[in-house]
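This report refers to the structure that appears directly beneath it.
Derivation of every value follows stated rules applied to the coordinates shown; laboratory data play no part. Just so it is clear, the structure is predicted and the values come from calculations on it, not from any experiment. As a convention, Cβ positions derive from the backbone with ideal geometry for all residues, glycine included, and neighbour counts pool all protein chains shown.
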Amino acid sequence: MIEILVTLFILSVGLLGVVYLQFVGSFTNSESLNRSQSVLVAQQMSERLRASATFSIRGDGLVVDNEYFDPDNYNFQTLTCSGSEQAYECFCKSRPSVIPNCNDNICSASDLAKFDAYELSCAAVITNPDVTISLDCEDNDLMDLQSCSVGSKHIVTLKWPVENWQNINRTLNAKCMVGETSPHDCVSVDVTL
């Protein structure tokens, strides 16, 4: 009888270990999914920037329309939702009328920037409703009319909040914490046209 009890105890400790590994695995799988989806969206953004770039009036090189750098175009900032659904359910199941339809129509450069920002915002929140996307520029010529001059670095950033797990503090990337008070993780891609 004692041997059976010892065997059951050892078996139950082993099963607790397996349950713990399942929990850790699901937690890290969620983090991996967030990062993988964000990398795909960041790469897609860099490809759209290259595809929509035009030759600059000043200098030899390519620039994109200034609307790409308007933060209100991203993360559904100018859209409102009547329900309490997640952003994807509210805005991405059908295109809002204020977003230009550049799939079926010919769009101006600024309309294309708004359309791209909307589509990329939808792609970002499909798996993680808390992710935000931004496009910044380290402009190397502040004297011209372009938000991001020829040869400047475009910075695509997707960030999302993260939680510490089992009182183990994460090592946070300082780039991800700009403007944030709670822990955030991010993916950042630099693009020069």
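Counting only alpha carbon atoms, the long axis of helix 109-125 and the longest principal axis of the chain meet at about 0°. Proximity of backbone amide H atoms, modeled 1.01 Å from N, is registered between His184 and Val162 at under 5 Å, excluding neighbours fewer than 5 places apart on the same chain. Each Lys and Arg adds +1 at its Cβ and each Asp and Glu adds -1 at its Cβ; summed about the Cα centre, the chain shows a dipole of about 400 debye.
For an R0 of 22 angstrom, estimate the FRET efficiency from the Cβ-Cβ distance between Glu163 and Cys81 and round to the nearest 0.05.
0.30
Note on Lys153: lysines with a C-alpha under 23 Å away, same-chain residues under 8 apart excluded, are Lys114, Lys175. Restricted to Cα atoms, the chain shows a radius of gyration and a Dmax of 22.5, 89 angstrom. Ordering 34-47, 178-191 by mean Cβ neighbour count within 10 Å, with the highest value first, yields 34-47, 178-191.
Computed over segment 31-192, relative contact order equals 25 percent, with contacts defined as Cα pairs under 8 Å that lie 6+ residues apart. Specify whether the C-alpha gyration tensor of segment 79-166 places it in the rounded, prolate or oblate class, a ≥ b ≥ c being the square roots of the eigenvalues: rounded for a/c under 1.5, otherwise prolate if a/b is larger than b/c and oblate if not. Since a/c reaches 1.5 but b/c is at least a/b, the shape of segment 79-166 is classed as oblate.
Residues considered: Asn169, Asn101, Asn66. Largest GNM mean-square fluctuation over the chain, using C-alpha springs under 10 Å, is found at Asn169. Between Val98 and Leu40, the FRET efficiency from the beta-carbon distance, with R0 = 35 Å, is close to 0.85.
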